[in-house]
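Structure first, commentary second.
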Amino acid sequence: QVQLVESGGGLVQPGGSLRLSCEASGRGASMAFMAWYRQNPEKGREQVAVISRSGNVGYADAVKGRFTISRDNVKTMMYLQMNDLKLEDTGVYYCRDMERDYWGQGTQVTVSS
């Protein structure tokens, strides 16, 4: 069973930055086709960014130019660098193994002045 564990969330002011991490561990752990999602009461759950095994990336329009997804296949880690954070970026951020439909437990990001 593969476990995904997110970290790096917190409270930040508008315009600030955070870096989220997702670590895959357990039997069969590997970095598959991966994604970051976020969830908040207003918008529900939405996909934020994706990254393929070969490193091709895609972003939701709301975060293009501000967020950067990356991965380290050796360390079985995935990252989300979030810059110029806005109030509407607030939510619980989850990483997801798109191929096997594994989800992490989420990390809270709160953008507030």
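The values are calculated or read from the model by the stated rules, or taken from the named source; none is laboratory data. These numbers come from a predicted model, not from an experiment. Note that we place each Cβ from the backbone using ideal geometry, even for glycine, and neighbour counts take in every protein chain shown. Surface areas here come from the heavy atoms of the whole protein model, side chains and all, with no ligands, DNA or RNA. Shrake-Rupley method; radii C 1.70, N 1.55, O 1.52, S 1.80 Å.
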Requested in this report: Determine whether the range 36-56 contains at least one residue that is modelled with pLDDT of 95 or more and of a type in the set (Asp, Glu).
Outcome: yes
Query raised in the report: Of the residues that make up the range 85-106, is at least one buried (at least 20 other Cβ atoms within 10 Å of the Cβ), closer than 17 Å to Gln13 by Cα and touching a helix residue (DSSP H, G or I) at 6+ places or on another chain (Cβ under 8 Å)?
Result: no
Requested in this report: Please go through the range 51-63 and pick out each residue that is touching a strand residue (DSSP E or B) at 6+ places or on another chain (Cβ under 9 Å) and either of a type in the set (Phe, Trp, Tyr) or open to solvent by 40 Å² or more (accessible area, probe 1.4 Å) (or both).
Outcome: Arg53, Asn56, Val57, Tyr59, Ala62
Report summary line: When the range 24-33 is checked residue by residue, the ones that are assigned to a strand (DSSP E or B) and either at pLDDT 95 or above or surrounded by fewer than 16 Cβ atoms within 10 Å (Cβ to Cβ) (or both) are Ser25, Gly26
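Of all residues being in a strand (DSSP E or B) and open to solvent by 20 Å² or more (accessible area, probe 1.4 Å) in the range 1-11, which is farthest from Leu80 (Cα to Cα)? Just the residue, please. Give the derivation first.
If we filter the range 1-11 for residues that are in a strand (DSSP E or B), which is where we start, we get 2-7, 10-11.
From the residues that got through so far, the ones that are open to solvent by 20 Å² or more (accessible area, probe 1.4 Å) too are 3, 5, 7, 10-11.
Working: Gln3: 18, Val5: 13, Ser7: 10, Gly10: 14, Leu11: 16 Å.
So, considering only residues that are in a strand (DSSP E or B) and open to solvent by 20 Å² or more (accessible area, probe 1.4 Å), the one farthest from Leu80 (Cα to Cα) is Gln3.
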Requested in this report: Take the range 82-108 and flag every residue that is outside any loop (DSSP other than H, G, I, E, B) and of a type in the set (A, V, I, L, M, F, W, C).
Outcome: Met82, Leu87, Val92, Cys95, Trp103
Report summary line: Counting only residues in the range 7-58 that are aromatic (Phe, Trp, Tyr) and closer than 18 Å to Thr90 by Cβ, the one nearest to the chain's Cα centre (by Cα) is identified as Trp36
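Go through the range 40-81 and give me each residue that's part of a strand (DSSP E or B) and either aliphatic (A, V, I, L, M) or on the phi > 0 side of the Ramachandran plot (or both).
Step one: filter the range 40-81 for residues part of a strand (DSSP E or B), giving 40, 44-51, 57-59, 67-72, 77-81.
Once the filter is applied, which keeps residues that are part of a strand (DSSP E or B) and either aliphatic (A, V, I, L, M) or on the phi > 0 side of the Ramachandran plot (or both), the range 40-81 yields Gly44, Val48, Ala49, Val50, Ile51, Val57, Ile69, Met77, Met78, Leu80.
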Report summary line: Conditions (1) within 14 Å of Arg19 (Cα to Cα); (2) more than 14 Å from the chain's Cα centre (by Cα) -> Tyr93 fails only (2)
Query raised in the report: Within the range 72-81, can one find any residue that is in contact (Cβ under 8 Å) with a residue 60 or more places away in the chain and open to solvent by 40 Å² or more (accessible area, probe 1.4 Å)?
Result: yes
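Do the conditions hold for Gly15, that is, is it open to solvent by 20 Å² or more (accessible area, probe 1.4 Å), in contact with a strand residue (DSSP E or B) (Cβ under 7 Å, 6 or more places away or on another chain), touching a residue at least 12 places away in the same chain (Cβ under 8 Å) and in a loop (DSSP other than H, G, I, E, B)?
Taking the combined requirement at face value, the residue does not satisfy it.
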